[in-house]
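Written out below as structure tokens is the structure these notes cover.
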Amino acid sequence: MPRFLRRPTRKNQPSGLSRRQFIGGAGVVVAGAAAVAVPVVVTRSSTPTVTTPGENLVTVGLRVNGESTRLETDPRSTLLDTLRERLGLTGTKKGCDRGQCGACTVHVDGQRVLSCLTLAASLDGADITTIEGLADGEQLHPMQQAFIDHDGFQCGFCTSGQIMSAVALVQEGHAGSDEEIREHMSGNLCRCSAYPFITDAIRDAREVMA
């Protein structure tokens, strides 16, 4: 075997620490250095941000179900939260809170809107109708009655939004056929799948509302 490939004999190793002793000692030195390393200190602000009640509010005038009201509201508050929490009109439901299910549908100046995506502060002077404002006293709106007659609901959670969209649908002139009704009601989801009965209810109410 060539000399440069030969394993060195013990007598050829340098005197002092063996290889194993050297590695072990180096490990102790590294561990000791880590133990005395200066820790990283993360500082936080000692003064938290606090929003004072009544701070940065805006005054909004609304006409809700025929009654005028003025209130101070956070500019970030949605119409949905304002109706439910400030005005006590809980018939408008909070479903997905992302504008995807239609349960929160109300009318603003005669147009259906998703109240969970609409800021109350943007509606100063607007005329708003919720499910509570459809009936005339004890006399139900034709659409409400049609939903009852055709069992257009099961759990009922989506029903207020379905009815508000259905009323607007007829007023918009988009109830000419079952296909058109289904197309223009597609933004209102019913997890109980009462869609055939909802279509029947809208078709019948259309005749009364015409």
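Just so it is clear, none of the values below were taken in a lab; they were calculated from the coordinates. These figures come from a predicted structure and were not determined experimentally. Cβ coordinates were reconstructed from backbone atoms using ideal geometry, including for glycine residues, and neighbour counts include every protein chain displayed.
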- Note on the structure: Relative contact order of the range 59-129 (C-alpha contacts under 8 Å, at least 6 apart) in percent is 42
- Set the Förster radius R0 to 25 Å, insert the Cβ-Cβ distance between residue 117 and residue 70 as r into 1/(1 + (r/R0)^6), and round the FRET efficiency to 0.05. 0.60
- Query: Taking the Cα centre of each part, how many Å lie between the range 70-137 and the range 148-210?
  - Reply: 20
- Could you calculate the contour length gain from residue 127 to residue 100, that is, 0.36 nm times the residue separation minus the distance between their Cα atoms, to one decimal place in nm? 7.4 nm
- Task: Convert each backbone phi in the range 195-205 into a coupling constant with the Karplus relation 6.51 cos²θ - 1.76 cosθ + 1.60 (shift: θ = phi - 60°), then list the ³J(HN,Hα) values in order as whole Hz, x for Gly and Pro.
- Result: 4, x, 6, 5, 4, 4, 5, 5, 4, 6, 5
- Under a point spin-label approximation (7 Å from Cα along Cα-to-Cβ), what is the residue 177-residue 151 distance to one decimal in nm? 2.8
- Query: What list of ³J(HN,Hα) values in whole Hz, one per residue of the range 116-122 in order, does the Karplus curve 6.51 cos²θ - 1.76 cosθ + 1.60 (θ = phi - 60°) give from phi, with Gly and Pro shown as x?
  - Reply: 6, 10, 10, 7, 4, 5, 8
- Query: Once amide H atoms are placed 1.01 Å from N in the peptide plane, what residues at a sequence separation of 5 or more from residue 78, or on another chain, have their amide H within under 5 Å of its amide H?
  - Reply: 120
- Message: Using a 7 Å offset from the Cα along the Cα-to-Cβ direction at both residue 109 and residue 140, what is the distance between the two label points in nm, to one decimal?
- Response: 3.2
